[in-house]
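Asks: My questions all concern the structure below.
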């Protein structure tokens with residue numbers, strides 16, 4: 001192994017270690033929330049959000065876009081829950097657990113597979129309508145903030161160094177979110193603007209009125225590229241709906257490697273065994289109904305998440321149907 005290979009191996013392992021530390025920490029917070037041990041639920045959600053955002057940033061930096069994509073979805077889920085604290089129920093906690101479990105599968109399968117050079121890049125990353133809506137709102141906020149900072153800089157209301165640092169953070173967020181959704185052109189232009197700003201901080205003598213104008217142009221180009229990506233996404237979705245309206249079996253045709261199939265099979269069997277054990281204990285009156293239902297729900301949610309991630313839609317749908325049935329049982333235990 002040469003120096004470059006050793007360095008890459010260390011970076012990979014550092015990434016895995018940090019990601020697993022994230023998984024452990026988030027799980028701990030979720031368990032406290034689940035068992036009502038958290039004294040401040042909003043603070044706990046904020047902590048999970050910050051940890052998830054860090055994971056997303058690390059994944060984008062390392063070009064592991066599948067994981068960044070899941071982290072972006074989890075951020076959206078957390079934002080939705082934070083807006084309505086009443087939504088933090090058993091179902092939403094299990095939903096967060098599901099995202100974390102999917103992240104764990106990607107991190108620990110891909111980095112411990114036989115092919116150490118396998119890159120986690122999917123040419124067609126999953127982008128839901130909810131994710132698009134979050135992206136539209138947040139990218140517009142970043143654009144507006146960058147423009148306001150530039151106007152303040154142009155009018156001499158703020159200092160150059162601090163303004164460039166703030167704009168850099170806004171653009172960095174756009175780059176990360178664009179990468180997570182597979183919007184490469186916007187991400188590339190944002191990266192180009194980051195490089196330009198880094199040069200300005202290193203060589204402040206280059207800073208002048210033309211430089212400010214150049215930054216305005218960068219922001220406008222990024223905005224137009226985002227708009228173009230969104231238009232293309234709408235066109236792609238419309239085309240897909242038109243061409244595949246009657247084809248519900250398409251997801252079953254996903255290519256899945258033998259290693260992933262084996263891992264999936266082992267974990268599904270474990271989940272099913274766990275469910276059977278919980279049901280046996282419940283039948284023998286060795287456990288309470290509420291705790292048993294929550295335990296089964298978590299197992300089924302994991303099966304659903306893993307199945308959907310691999311395109312095994314029939315199993316995912318069956319698991320979803322059982323989740324719905326169990327949610328009804330939890331709301332109406334007398335049934």
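Asks: Scan region 269-289 residue by residue and report those that are closer than 18 Å to residue 97 by Cα and either at pLDDT below 85 or touching a helix residue (DSSP H, G or I) at 6+ places or on another chain (Cβ under 6 Å) (or both).
Replies: 271, 274, 275
Asks: Answer yes or no: is there a residue in region 70-80 that is over 27 Å from residue 194 (Cα atoms) and modelled with pLDDT of 85 or more.
Replies: Within region 70-80 (the criterion being over 27 Å from residue 194 (Cα atoms) and modelled with pLDDT of 85 or more), the answer is yes, since at least one residue qualifies.
Asks: For the condition assigned by TED's automatic domain parsing to the domain that holds residue 14, surrounded by 12 or more Cβ atoms within 10 Å (Cβ to Cβ), modelled with pLDDT under 80 and more than 21 Å from residue 186 (Cβ to Cβ), what is the one hit in 104, 118?
Replies: One residue alone meets the criteria, 118.
Asks: Looking at residue 51, is it assigned to a helix (DSSP H, G or I), within 17 Å of residue 73 (Cα to Cα), in the same structural domain as residue 64 (by TED's automatic domain parsing) and free of Cβ contacts under 8 Å to residues at least 60 places away in the same chain?
Replies: yes
Asks: Considering region 174-206 alone, what residues qualify as being surrounded by fewer than 18 Cβ atoms within 10 Å (Cβ to Cβ) and more than 30 Å from residue 75 (Cα to Cα)?
Replies: 199, 201, 202, 203, 204, 205, 206
Asks: Would you tally the residues in region 145-173 being surrounded by fewer than 17 Cβ atoms within 10 Å (Cβ to Cβ) and touching a residue at least 40 places away in the same chain (Cβ under 8 Å)?
Replies: Qualifying residue count for the region: 3.
The values are calculated or read from the model by the stated rules, or taken from the named source; none is laboratory data. Fair warning: this is a prediction, and the values are worked out from it, not measured in the lab. All Cβ positions, glycine included, derive from the backbone under ideal geometry; neighbour counts span all protein chains shown.
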